[in-house]
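Q: I'd like to ask some things about the structure below.
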Amino acid sequence: MKNMVCEMVDEMLDMDGDINIGNNIFTRSVILKTLDPTAYREMCIDFADAHIADLQDELDCLDPVADFDEVEDLKARIAELENI
């Protein structure tokens, strides 16, 4: 799950295109990871927190008995994201 979150954050950062410095081309995600790994990690955590909130909203709309399998799946996904 951590890899999925990081990949989604990378995609979000990189959607504005690469950065050219001289003859070198860098992705925005690589620049942030290299220059400020703490900021990158915080961005991943913020992204995971937002995703948890979305999943929690979905969970709140389900019936625990009638939608048991989906409820358990959402709970497992939330637990995985909380451990990032």
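The values are calculated or read from the model by the stated rules, or taken from the named source; none is laboratory data. Only a predicted model underlies this, so the values are computations on that prediction, with no experimental measurement involved. Cβ placement follows ideal geometry from the backbone for every residue including glycine, while neighbour counts extend to all protein chains displayed.
Q: Being of a type in the set (Asp, Glu) and outside any helix (DSSP H, G or I) is the filter; apply it to the stretch 36-84 and report the residue that is farthest from residue 5 (Cα to Cα). Break it down into steps so the answer makes sense when it comes.
A: First, the residues of the stretch 36-84 that are of a type in the set (Asp, Glu): 36, 42, 46, 49, 54, 57-58, 60, 63, 67, 69-70, 72-73, 80, 82.
Subset that is outside any helix (DSSP H, G or I): 36, 63, 67.
Numbers: 36: 18, 63: 28, 67: 26 Å.
If we take residues in the stretch 36-84 being of a type in the set (Asp, Glu) and outside any helix (DSSP H, G or I), then 63 is farthest from residue 5 (Cα to Cα).
Q: Given the condition basic (Lys, Arg), modelled with pLDDT under 95, assigned to a helix (DSSP H, G or I) and in contact with a helix residue (DSSP H, G or I) (Cβ under 9 Å, 6 or more places away or on another chain), answer yes or no: does some residue in the stretch 7-28 qualify? Quick ask: steps written out before the conclusion?
A: Just the residues of the stretch 7-28 that are basic (Lys, Arg), to begin with: 28.
Next cut, modelled with pLDDT under 95 only: none.
No.
Q: How many residues are of a type in the set (D, E, K, R) and within 27 Å of residue 69 (Cα to Cα) if we restrict to the stretch 8-59? Before you say what the answer is, go through the steps one by one.
A: Filtering the stretch 8-59 down to residues of a type in the set (D, E, K, R) leaves 10-11, 14, 16, 18, 28, 33, 36, 41-42, 46, 49, 54, 57-58.
With within 27 Å of residue 69 (Cα to Cα) added as a condition, the list becomes 49, 54, 57-58.
Residues that pass the stated criteria total 4.
Q: Given the criteria under 11 Å from the mean Cα position of the chain (by Cα), farther than 16 Å from residue 82 by Cβ and not hydroxyl-bearing (Ser, Thr, Tyr), does residue 12 qualify?
A: Details: under 11 Å from the mean Cα position of the chain (by Cα): yes; farther than 16 Å from residue 82 by Cβ: yes; not hydroxyl-bearing (Ser, Thr, Tyr): yes.
Yes: the conditions hold for residue 12.
Q: List, please: which pairs have Cβ atoms under 6 Å, are six or more places apart or on different chains, and start with a residue in the stretch 67-82 that is free of Cβ contacts under 8 Å to residues at least 60 places away in the same chain and end with one that is among the hydrophobic types (A, V, I, L, M, F, W, C) and part of a helix (DSSP H, G or I)?
A: 74/55; 74/59; 78/52; 78/55
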